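Here's the structure we're looking at; comments come further down.
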Amino acid sequence: MARGTGLTNAPGVWDWDALVQDDRVHRLLYTDPAIFDAEMSSVFGGTWTYVAHESQIPSNNDFITTRLGLRPIIVLRDRDGVTRALFNRCTHRGATVCRQAQGSARVFQCAYHGWTFFNTGELSGVPWPDGYATDLKDEQYNLAQVPRLETYRGFIFATLNAGAVPLTEHLGPMTEIIDQWLDRHPGGRVKLCEANRLKYKGNWKLAYDNAADGYHVKFSHRSLLEMENRLKEGDEKGMSFYKDAPDEAPMYVQYLGNGNHFKDKRPNVEDRPGALWDIEGAHPGMEHFESSIRQRLGDRAEIALDLAASEPVNINIFPNLLILGNHIQVLQPQAVDETDSTWYGTAVIDEEDTLEGAVEEVNTLRMRTMESFPNFGEVDDATNFEEIQRGLAAEEDPWVYMHRGLGIPGRVKTDDRGLITAPATDEVFMRETYRYYKELMADPPTLEIRRAP
Amino acid sequence: MASSPDPSRSSHYVTDAYYADLVVDFTDWQADDRLITEAATREACRAFLEHEARLLDTHRFEDWLRQFTGECLYWVPATPRGGDPRREVAVCLDDRRRLEDRVYRLRTGAAWSQLPASRTARLVSNVEPFATATDDILMVRSNFTLHEFRAGESQLLAGWCAHRLRRTASGFEILVKQVNLLNCDQNLRNPSIII
Ligand code: FES
Ligand SMILES: [Fe+2]
């Protein structure tokens, strides 16, 4: 007897062309719990979704627990080194089988009745199996797992959408931008470290809408801009290039398809070693470590100091991975009006010793430069996200506008690869992202799990 | 020897040795045989911490800064044991200049996360001073709960502090304040107040 999987989404009950228009979207996208529920399958898991970084599970049997949408999952390297994302959900009666944030384990034993699973997902045994008439070797008793897991240069993505194109194809031109971000580091790699962890009472898309938004900076971050320059003669530190006429600055925003976008502020900065360090804001130990690194490296010191400084880019991979500065920010929806935003720090790895022993000092500085924005910038954005969520309670005034730049001749340019480029304050990246979002929501993909190890 | 640079303007004292000492000073310091039982010292520490709590609850941030030494640290680790700040980010790790930055930002009139400002009430208790290898330096453990009300909603922060204090002619000054939030490794909503 065939039993249904229950995995296919119900056909859409919303009129997506009415909810997502060329210049605006409806408040329900941010406030309707039913739309949120649909996103948790159509978007999170429906498309390639970031779940972990390889450096979090460096050895066989290492695991972390996280979520794919709301599904609790264990991302691990199994006993043979295969990367998997197991559902953290006992096949007996549903308890989580792993309750630690991270660790190393060959098996997971459910704490409720003791069913035990190998880290391949396979059921290894149950207490007193004689009590079962069914064959416990049947695949249906293995932990469910995400059928498709692919990694791009350390970033592990998962999808339950069997029809999804391969990850690199999905990322498309985004891979080149990820490459550039990684390749400024020795060995082309970074290691995740501890995080600044923030939460706001607002929809997850408010943070994604903000990710390439060059329009808000001068206003939302006014206190940070003033603070960063309080000890200086002229305004030159940090994000000062937003202050006067950000549209005229050489920085730009770009849409690269499938909800992914990129804000590139590097053209504002001189293209020379030491230029990033020169605009880095004050931070603990700055002057001491700078002189120590200069003594050690001489005229190569700028290369090391630039690694401690923040890279002026926002690389946003829909729906939940935002690589910005030296951070890897991950969005985790909790509810329609609650989102966790975790800003993982990254450390430089220097196995070849290209920094001639300076890597520890570089990382020490880098920890301090990374603490700045979550402390003095993101808290103000998060407050604005919460205030949007409050504002959107006004039912009769439902529209959220994102038409900055729309219809101005020559402002938004599309190149022969289809990449769309506009001034940094343009909202074209939002309009295009919602076009992709609408496709996912209007035509929900078929989701599948796998139980074969 | 040249006079040391002004720590409000440049950060020369946060060195590798400073971090190394910090990690040592804040590891395994709560030994029973170092606990100070003498009533006058315990009372002085309790009064000092209550005063500090009042300065923060009443938003007297500039007066609060004056409780610290020039070369000071305000540290809110992001992991329960504090770890080594050279290798991990913290919720906050402010030297003198960054601590002044923090207060400056709150005073700009544009720190939206604190407009309106949080109203807070801190309860400080279980104050236990411990002797260190240096005569005039104490470590003090205290527990706290911090009720915060802002923008129509309340939240509760709780945890314990470690203060590294130096005796002065008139009382104490803070060398390091370490705030250990119970939920330091969890996602925090609007962590924009000074804890
Ligand atoms: S729920 Fe896991 S063994 Fe029963
Ligand atoms: Fe921002």
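The values are calculated or read from the model by the stated rules, or taken from the named source; none is laboratory data. As the structure is a prediction and not an experimental result, all values here were calculated from the model. Counting neighbours? That spans all protein chains shown, and the Cβs are built from the backbone with ideal geometry, glycine included.
Data overview
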{"item": "Strands (runs of 3 or more DSSP E) completely within segment B:118-195 that count 2 or more residues being within 14 Å of chain A (Cβ to nearest Cβ) and surrounded by 20 or more Cβ atoms within 10 Å (Cβ to Cβ)", "result": "B:171-181"}
{"item": "Every residue from segment A:274-294 that is aliphatic (A, V, I, L, M), within 14 Å of chain B (Cβ to nearest Cβ) and under 19 Å from A:K232 (Cβ atoms)", "result": "A:A282, A:M286"}
{"item": "Those residues of segment A:145-173 which are at pLDDT below 95 and in contact with an Asp or Glu (Cβ under 8 Å, 6 or more places away or on another chain), in sequence order", "result": "A:A162"}
{"item": "Test result for A:Q100, within 14 Å of chain B (Cβ to nearest Cβ) and out of contact with any helix residue (DSSP H, G or I) (no Cβ under 8 Å at 6 or more places or on another chain)", "result": "yes"}
{"item": "All positions within segment A:316-346 that are over 9 Å from the mean Cα position of the chain (by Cα) and within 18 Å of A:G214 (Cβ to Cβ)", "result": "A:L324, A:G325, A:H327"}
{"item": "Test: residue in segment B:38-55 that is surrounded by fewer than 19 Cβ atoms within 10 Å (Cβ to Cβ) and within 30 Å of A:D381 (Cα to Cα)", "result": "yes"}
{"item": "Test: residue in segment A:310-319 that is modelled with pLDDT of 95 or more, farther than 22 Å from B:T79 by Cβ, surrounded by fewer than 24 Cβ atoms within 10 Å (Cβ to Cβ) and within 14 Å of chain B (Cβ to nearest Cβ)", "result": "yes"}
{"item": "Every residue from segment A:97-108 that is assigned to a loop (DSSP other than H, G, I, E, B) and either of a type in the set (A, V, I, L, M, F, W, C) or within 16 Å of ligand 2 (Cβ to nearest atom) (or both)", "result": "A:V97, A:C98, A:A101, A:A105"}
{"item": "Among (1) more than 27 Å from A:K191 (Cβ to Cβ); (2) crowded, with 20+ Cβ neighbours inside 10 Å - the single one B:A90 does not satisfy", "result": "(1)"}
{"item": "Tally of residues being surrounded by 20 or more Cβ atoms within 10 Å (Cβ to Cβ) and within 11 Å of ligand 1 (Cβ to nearest atom) across segment A:92-113", "result": "3"}
{"item": "Qualifying residue in segment A:109-125 (condition: away from every other protein chain (no Cβ under 14 Å), charged (D, E, K, R) and either more than 16 Å from A:I449 (Cα to Cα) or within 16 Å of ligand 2 (Cβ to nearest atom) (or both))", "result": "no"}
{"item": "Residue check for A:N142: closer than 30 Å to A:V190 by Cβ, within 16 Å of ligand 1 (Cβ to nearest atom), modelled with pLDDT of 95 or more and of a type in the set (S, T, N, Q)", "result": "no"}
{"item": "Answer residue from segment A:347-393, given it is touching a Lys or Arg at 6+ places or on another chain (Cβ under 8 Å) and more than 10 Å from chain B (Cβ to nearest Cβ) and is nearest to B:N187 (Cα to Cα) among those", "result": "A:Q389"}
